[in-house]
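The values are calculated or read from the model by the stated rules, or taken from the named source; none is laboratory data. Computed from a predicted model, the values in this text were never measured in an experiment. In this analysis, Cβ positions are derived from the backbone assuming ideal geometry, glycine residues included, and neighbour counts consider all displayed protein chains. When the accessible area is computed, the model is the full protein with side chains, heavy atoms only, and any ligands, DNA or RNA have been set aside. Shrake-Rupley method; radii C 1.70, N 1.55, O 1.52, S 1.80 Å.
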Number of protein chains: 4
Amino acid sequence: MADHSIKKTLYSVIFGTNTPAGKRFDVLLIVVIIASVLLIMLDSIQTISIQYHRALYVGEWVFTLFFLLEYLTRIYCSPKKTSYIFSFYGLIDLISILPAFIGLIFPTANHLTIFRLIRVLRIFRVLKLVRHVDEANILLVALLRSRRKVFVFFSSVLVITVIFGSILFVVEGEENGFSSIPHSIYFAIVTITTVGYGDISPQTPLGQFISSIMMLTGYAIIAVPTGILTAELHHEMGIQRSSSMCPNCNRSGHENDANFCKHCGGELNTISSKEHG
Amino acid sequence: MADHSIKKTLYSVIFGTNTPAGKRFDVLLIVVIIASVLLIMLDSIQTISIQYHRALYVGEWVFTLFFLLEYLTRIYCSPKKTSYIFSFYGLIDLISILPAFIGLIFPTANHLTIFRLIRVLRIFRVLKLVRHVDEANILLVALLRSRRKVFVFFSSVLVITVIFGSILFVVEGEENGFSSIPHSIYFAIVTITTVGYGDISPQTPLGQFISSIMMLTGYAIIAVPTGILTAELHHEMGIQRSSSMCPNCNRSGHENDANFCKHCGGELNTISSKEHG
Amino acid sequence: MADHSIKKTLYSVIFGTNTPAGKRFDVLLIVVIIASVLLIMLDSIQTISIQYHRALYVGEWVFTLFFLLEYLTRIYCSPKKTSYIFSFYGLIDLISILPAFIGLIFPTANHLTIFRLIRVLRIFRVLKLVRHVDEANILLVALLRSRRKVFVFFSSVLVITVIFGSILFVVEGEENGFSSIPHSIYFAIVTITTVGYGDISPQTPLGQFISSIMMLTGYAIIAVPTGILTAELHHEMGIQRSSSMCPNCNRSGHENDANFCKHCGGELNTISSKEHG
Amino acid sequence: MADHSIKKTLYSVIFGTNTPAGKRFDVLLIVVIIASVLLIMLDSIQTISIQYHRALYVGEWVFTLFFLLEYLTRIYCSPKKTSYIFSFYGLIDLISILPAFIGLIFPTANHLTIFRLIRVLRIFRVLKLVRHVDEANILLVALLRSRRKVFVFFSSVLVITVIFGSILFVVEGEENGFSSIPHSIYFAIVTITTVGYGDISPQTPLGQFISSIMMLTGYAIIAVPTGILTAELHHEMGIQRSSSMCPNCNRSGHENDANFCKHCGGELNTISSKEHG
C-alpha cells in the first residue's frame, strides 16, 4: 500500500498543479527548462563554447540527468504508462534526454551536420513549457474552430504566390536574381507577408509594378485572418461572459446587467454586475 | 438512352462532389494538379531541368494529356457546352493544356522570353484548385460586400503614395536612387505596406523624416481593411449563427439562448443552446 | 434671367452628381485628372522626358488650360465665391494650375531643386479626386470619432521610439551606423512599424536583443489601432443597419429581423429582412 | 495659514488640470519637455553639437534648473512627500534632472560609453509626458485585462522562434551568417514579426522553404493579439456606451435605443438616442 500511496503523491506533485508541492515542482521545472535552453544557446556561440567547454558539458549532463529522472518518475507513477509514453508530452520528454545519450554513442567530430543536428535537437525541450500554459487552450479553440477557414486562407495565399512568383520569374528573369520558379515564389511570399528582406528585389519597372500590386494585396488580405479570428474570439468571449448560472434553474446566458433570470425569472446574484459598475 | 445516362454519370462524377466516385475523382484531380505544378517548378530549376530533361518532358505530356482528356470529357457531358467553355473554370481548363501545344508549334529556342512565358503560363493550372474550395465563398461574399470600401481604401492608399512619392522624389532626388516619380511611388508603396525591401531607402535627414511619417501612416491605416472586414465577417457570422429555424413557422433569426420563437411564440428546439452550454 | 439659369445649370453639372450631365462631367474630370497625373509621372522619367519633350509640354498645357477653365467656371457659377475659393477643394483646384504659370515666370534651368519642386507640385492635383469619393466619409467619420485615441496611440509610439532609439544610440554607437539620436529614432520607427529596410541594422548582440524586444512590441501594438477602428466601425455599421425607419412613428433602430416596430408596435416593412433571408 | 494656502494653490496648479492656471502650467510643461527633448536630439548630431556647443550647454542647464524647480515645488506642496518621491512620476522627475549634475561631478572625456550613457539618460524625461495623457488609461485597461493572454501569446511566439531559429542554425549554418542559436533566433524574430531587415537572410533552398513557413506563420498569428484586443475593446466600449444613467433609479446599462429604464421602468432621457438619429 505504501508503494501505491507514494505513487499517488508523486503523481499529484508531478502531474498536478493544485497542491503547494505540485506548484513548487512546476516552478522548479520551468526554471530548469529555461536554464537548460539558455545553456544550449550559449553553447552554440563559438567563443563561449570553447572557453567554458567543461562547465557547459557538466551543466548539460546535470540537466539531462534531471530530465531523465523526471521522465522515469513520470513513467513510474503514471497510471497508464504506454498512453503517457506515446502522448505528445511523453515524446517531448523523451526528445529532451535522447540527444545527450546519442551523442555518447557516436563520436563527436564524425560528421559536422549530424553532430550539430543532434545537439540542436536538445532545444526541442523548450516544448516542455507548453504543458504549463493553460491559457493556450482558449486561443487554440478559437484557432481550431476556424481551421477550415485558416486552411482556405493559406491555400489562397499559396495560389496567389505561385501565380505572382511565376509571372515575376518571366518578367525579371535569372539576371535579376529570380533564378527559378520556387525561388520566385519565395520572393512572392517574402513580399506578400510584408517581410521584405530585400535579398532579391525587382529591378525592372514592370517587375516593380507587379510587386507593388502584390504588396497592396498582401497589405489588404492580412485583414482576412484577423477578421476571422476576431469574430471567433468575440463570439467565444461572449459565451464565457454570459455563462454565469442562475441559482434557481442553473441555466446561463444572462446579459451582464440582468437582475432576474431570463429563463425562470428567479433573482440573479448581482455580484458579477457590481464587478463592472 | 445509354449515351444519355453515361453523360449523366460522368457529369455527376466530374462536376459533382456528392457521390463517392465524384469525391474520389476530386481528390485525384487535386493530386494531379499539385503534382503537375510541382513538375513545372522543378523544370524551372536549371540544374534539375538539364539533368532530368527527358523525365520532365514525358511527365509534362502525361499531365497535359490527362488535362486534355478531362477538358474534353467536361465539354462532352456538360449540358450547356458553350457556357462551360466560356466560364471562368472552362478558360482555366483550356489554359492548362494550351501552352504545351503552342510549344509544339513554335520551335523552342526562338525567342527566350516568349518561350519562357509560354512555359510559365502552364502554372496557371494551379487556379484549377479554386474549383475545389467551397469555403472561399464565405470570405468572397464578405469581400464583395465591402468592395466599394475596399476600392475607396486602395484609391486612398494610391493617392497617399503618389503624394509622398513625389515629395520624396524632390527631397531625395536621383542621386539617392529616387530616379523618377513612378520609382519613388514604388518606394512609397514598399514603405506604406511595411514591406521595406531596402533596395532604395532615404539618405537625407528630411527624407528619413518624411519616410517616418509615411511608415507611421501605413502602420495605422492597416487597421482600415481589417476593421472593415472584421465588422463584415462579424455580421456575416451572426447571420449564420442565428439561422436555425423555428419548427413551427420555419423562420430563423433567433438569439442563441431563445426558448421561444420571436416571430410566432412557438417553442424552439433547444438543442442548439445545449450545444454551447 | 438667362444668365441666372445658365449659372444654375452649370452649377448642377459641375458641382452636382445627380443629373446625367453632372455624372458625365464627373467621369470626364476623373479621366482628365488621372491622365494628367500619369503625364507628370512620365515626364519625371528622364529618358521619356528627353525623347517626348514636345508632346509632354503640349499635353501639360492642354491639361492646365482645362483645369483653368474648370476653376474659372466653378468660381463663376458658385453662389458663395469666396467660400469656394478658400475651401479645401478650391485651394486644390488653384494648386493644380498655378505651377505651370509659375514655371512661365521663372526661367527653367535657374535652380534645380526649386524647378523640380514646382514641377512636382503639379502632382497635388491628384487630390482633386478626393471630391469624387463619397464613401471616404464613412471611414473618415470612424477615424475622426477615434481621433483622440489615435493621437494618444501615435504619441505613445513616438515616446517608445524616442526611448528605444536613444538606448540603441548608446548601445550600438556611431561605428554601427547609429550616428545620432534622431537617426536612431528613425531606425526605431523603421523597426516598430515592421518596415525594416535594413539600411541600418543592429550589429552587437545587445543591440539585436533590444531590437528584438522592439519588434515584438511593434508586432503586438499594431493590434491597438486595429482594435480601436474595428470597434468603432462595428458600432458605426450597426447604426447604419438598424437605421431603417418605422412607417408608423418614423423611428429607427430596429433589429434586422424585427416584424414590428419596437417603439410603437406598428408593422414594419419586411423588405429589408427578405434581403438577407 | 498663508503658507498652507500657498501650498494648496501650488498643488492645484502643478498637480491639477481643472483650474485655468493648472491648464496653462500643463501646456507650459509639455512645451518645455518637448523643447528639452529636441535639444538633446540636436546635441547628439555631431556637426550641430560642435558648432552650437555653447548654446546647447546653456539651454540644457536652463531646462535642468526649470525641472529642478518643478521637482522641488512638487515635493514642497505634495501632501505625502515620500509617496510622491517614490512614485513612478517622482522617479521620472528625478531622472530628468540627475544626469546633468552627475555630468558635473565626473569629468567629461573620461569614459566615452558612460559619458554617452549619462547624456542619453536625460532623454527619459520624455516619459514626463505620460502624466498628461489621460486617455492612455482606456487602452491600458484593455491591455491589462488581457495581460495573461498577451503573456501567453508572447511565450508562444518565443517558443516558436526558438524552435525555428535552431532549425535554421542547423540548416543554414555559420557560413550563411547564422553564427549561433541566439543569432538565429534574432533572425527568426525579424522574420516572424514581418520586419525583415535583410541583414541575414536564408541562402539555401531548404532554409528559404523553412523561412517561408515562418513568414506565413507570422503573417497569420498577427491576427491573435489584434483579435484579443479588438474583442476586449469592443466589450469595453459597449460598457461605456451603455453607461448613461436612468434619471429615476440612477442605474445604467440601457441599450442605445431604449425609451424606458430596464431596471425600474422609469422614462429615460432620449437625448442620447437623438444624438445618433
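Please work out if D:Ile210 is at pLDDT 75 or above and either of a type in the set (Lys, Arg) or within 12 Å of C:Ala220 (Cα to Cα) (or both). So that I can check it myself, show each step before the final result.
Working: at pLDDT 75 or above: yes; either of a type in the set (Lys, Arg) or within 12 Å of C:Ala220 (Cα to Cα) (or both): no.
Here the answer is no, as D:Ile210 does not meet what is asked.
Of the residues making up the stretch A:213-234, those that are at the interface with another protein chain (Cβ under 7 Å from one of its Cβ atoms), more than 16 Å from B:Gly227 (Cα to Cα) and open to solvent by less than 10 Å² (accessible area, probe 1.4 Å) number 1. Could you check, for the stretch B:163-173, whether at least one of its residues is in a loop (DSSP other than H, G, I, E, B) and either open to solvent by 10 Å² or more (accessible area, probe 1.4 Å) or at pLDDT 85 or above (or both)? Yes, the stretch B:163-173 contains a residue that is in a loop (DSSP other than H, G, I, E, B) and either open to solvent by 10 Å² or more (accessible area, probe 1.4 Å) or at pLDDT 85 or above (or both). Contact map, the stretch C:191-202: first residue more than 7 Å from chain B (Cβ to nearest Cβ), second residue assigned to a loop (DSSP other than H, G, I, E, B) and not β-branched (Val, Ile, Thr), Cβ cut-off under 7 Å, separation 6 or more or different chains; pairs are C:Ile200/C:Gly177; C:Ile200/C:Phe178; C:Ser201/D:Tyr197; C:Ser201/D:Asp199.
Residue under question is B:Thr64, and the condition is that it be open to solvent by less than 70 Å² (accessible area, probe 1.4 Å) and farther than 22 Å from B:Val133 by Cβ; does it hold?
Numbers: open to solvent by less than 70 Å² (accessible area, probe 1.4 Å): yes; farther than 22 Å from B:Val133 by Cβ: yes.
For B:Thr64, the condition - open to solvent by less than 70 Å² (accessible area, probe 1.4 Å) and farther than 22 Å from B:Val133 by Cβ - is met.
D:Glu70 fulfils the conditions (1) closer than 18 Å to D:Phe124 by Cβ; (2) in contact (Cβ under 8 Å) with a residue 60 or more places away in the chain except for a single criterion, (2). The C-beta contact set for the stretch A:167-183 (first residue within 8 Å of chain B (Cβ to nearest Cβ), second residue among the basic types (Lys, Arg) and open to solvent by 30 Å² or more (accessible area, probe 1.4 Å), distance under 8 angstrom, 6+ apart or interchain) comprises A:Phe169/B:Arg116; A:Val170/B:Arg116; A:Gly173/B:Arg116.
Residue-by-condition table, conditions (1) away from chain A (no Cβ under 14 Å); (2) within 22 Å of the chain's Cα centre (by Cα):
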{"position": "B:Ser5", "(1), (2)": "yes, no"}
{"position": "B:Asn18", "(1), (2)": "yes, no"}
{"position": "B:Leu28", "(1), (2)": "yes, yes"}
{"position": "B:Ile33", "(1), (2)": "no, yes"}
{"position": "B:Leu39", "(1), (2)": "no, yes"}
{"position": "B:Ile45", "(1), (2)": "no, no"}
{"position": "B:Gly59", "(1), (2)": "yes, no"}
{"position": "B:Phe66", "(1), (2)": "yes, no"}
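Scan the stretch C:238-253 and give yes if some residue there is closer than 20 Å to D:Phe187 by Cβ and modelled with pLDDT under 95, otherwise no.
Just the residues of the stretch C:238-253 that are closer than 20 Å to D:Phe187 by Cβ, to begin with: none.
No, every residue in the stretch C:238-253 fails to be closer than 20 Å to D:Phe187 by Cβ and modelled with pLDDT under 95.
When A:Ser83 is tested against (1) over 26 Å from the mean Cα position of the chain (by Cα); (2) exposed (fewer than 11 other Cβ atoms within 10 Å of the Cβ); (3) in a helix (DSSP H, G or I), exactly one condition is not met: (1). Filtering the stretch A:141-155 to residues that are within 30 Å of A:Pro202 (Cα to Cα) and touching a residue at least 12 places away in the same chain (Cβ under 8 Å) leaves A:Val150, A:Phe153.
Counting residues in the stretch B:23-31 that are in the same structural domain as B:Ile123 (by TED's automatic domain parsing), closer than 15 Å to B:Val126 by Cβ and open to solvent by 80 Å² or more (accessible area, probe 1.4 Å) gives one or more.
When A:Ser78 is tested against (1) modelled with pLDDT of 90 or more; (2) polar (S, T, N, Q); (3) under 19 Å from A:His132 (Cα atoms), exactly one condition is not met: (1). Might you check whether a residue that is modelled with pLDDT of 85 or more, in a helix (DSSP H, G or I) and within 14 Å of chain A (Cβ to nearest Cβ) occurs anywhere in the stretch B:113-122? Yes. Residues that are at pLDDT below 90, within 30 Å of B:Arg116 (Cβ to Cβ), in a helix (DSSP H, G or I) and not assigned by TED's automatic domain parsing to the domain that holds A:Val37 occur at least once in the stretch A:141-155.
Against the conditions (1) in contact with a Ser or Thr (Cβ under 6 Å, 6 or more places away or on another chain); (2) buried (at least 24 other Cβ atoms within 10 Å of the Cβ); (3) among the hydroxyl-bearing types (Ser, Thr, Tyr); (4) modelled with pLDDT of 75 or more, A:Ser184 satisfies every one except (1).
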